[in-house]
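So the structure is just underneath, and the comments pick up after that.
Here, each number is a calculation from the coordinates, and none is a lab measurement. Just so you know, these numbers come straight off a predicted model, no measurement behind them. We place every Cβ from the backbone using ideal geometry, glycine too, and count neighbours over all the protein chains shown.
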Amino acid sequence: MPGYLLDSNIGIYLLANDTSVTVFLRKIIGQGDAFFFSAISECEIRNNLKSGEHLRADRLLDERRILPVDSGVARRAAQIQVQQRVNGRSIKTPDALILATAIEHGLAFVSRDKQLRFAKAEYGVEFIEP
């Protein structure tokens, strides 16, 4: 079963009822595909909840959809940051950890962060920008 790692910004757009993100999520659910969030994204999303979004966030961020940051993810994130520094890019630690989670779990990466588009060419990660 194919799967997707949704970036923090995608979760925030979902809670804001963004049409294209909502349509994308419905499509992958309709195909029987799984979607996940990094534990880092859970923190970032919950940190930005608006009044009335808590119940929806609880359903979206069901613990079965949350992938932890373990040592493998942390090491991969550090490698990404070092490689990107060499390439003249700066990538924040939370972004590196989220991207590393997608790589380590073999998931497509769904994000609207244009600065992370390099992931497809440099790491072979399917990058989807709904």
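Here are the numbers for this structure:
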quantity	calculated
Which numbered condition Val82 misses (of (1) among the β-branched types (Val, Ile, Thr); (2) more than 16 Å from Asn9 (Cβ to Cβ); (3) surrounded by 14 or more Cβ atoms within 10 Å (Cβ to Cβ))	(3)
Members of segment 15-36 found to be under 17 Å from Leu61 (Cβ atoms) and among the hydrophobic types (A, V, I, L, M, F, W, C), listed by number	Leu15, Ala16, Val21, Leu25, Ile28, Ile29, Ala34, Phe35, Phe36
In segment 91-107, the residues that are outside any helix (DSSP H, G or I) and surrounded by fewer than 18 Cβ atoms within 10 Å (Cβ to Cβ)	Lys92, Gly106
Number of positions in segment 81-90 that are out of contact with any helix residue (DSSP H, G or I) (no Cβ under 6 Å at 6 or more places or on another chain) and either in a helix (DSSP H, G or I) or of a type in the set (Val, Ile, Thr) (or both)	5
Which listed residue, of Ile28, Ile45, is in contact (Cβ under 8 Å) with a residue 24 or more places away in the chain, closer than 20 Å to Leu116 by Cα and among the hydrophobic types (A, V, I, L, M, F, W, C)	Ile45
Pick from segment 56-80, criterion of a type in the set (Val, Ile, Thr) and not in a helix (DSSP H, G or I), ranking: nearest to the chain's Cα centre (by Cα)	Ile66
Residue in segment 84-98 that is among the aliphatic types (A, V, I, L, M) and over 23 Å from Ile45 (Cα atoms) present	yes
Set Ser111, Ser71: member being of a type in the set (Ser, Thr, Tyr) and surrounded by 19 or more Cβ atoms within 10 Å (Cβ to Cβ)	Ser111
Tally of residues being of a type in the set (Ser, Thr, Tyr) and outside any loop (DSSP other than H, G, I, E, B) across segment 108-130	1
Test: residue in segment 32-43 that is surrounded by fewer than 13 Cβ atoms within 10 Å (Cβ to Cβ), hydroxyl-bearing (Ser, Thr, Tyr) and closer than 19 Å to Glu126 by Cβ	no
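The rows are residues; the columns are (1) in contact (Cβ under 8 Å) with a residue 12 or more places away in the chain; (2) among the polar types (S, T, N, Q).
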{"position": "Arg64", "(1), (2)": "no, no"}
{"position": "Leu97", "(1), (2)": "yes, no"}
{"position": "Ala102", "(1), (2)": "yes, no"}
{"position": "Gly106", "(1), (2)": "yes, no"}
{"position": "Arg112", "(1), (2)": "yes, no"}
{"position": "Gln115", "(1), (2)": "yes, yes"}
{"position": "Gly124", "(1), (2)": "no, no"}
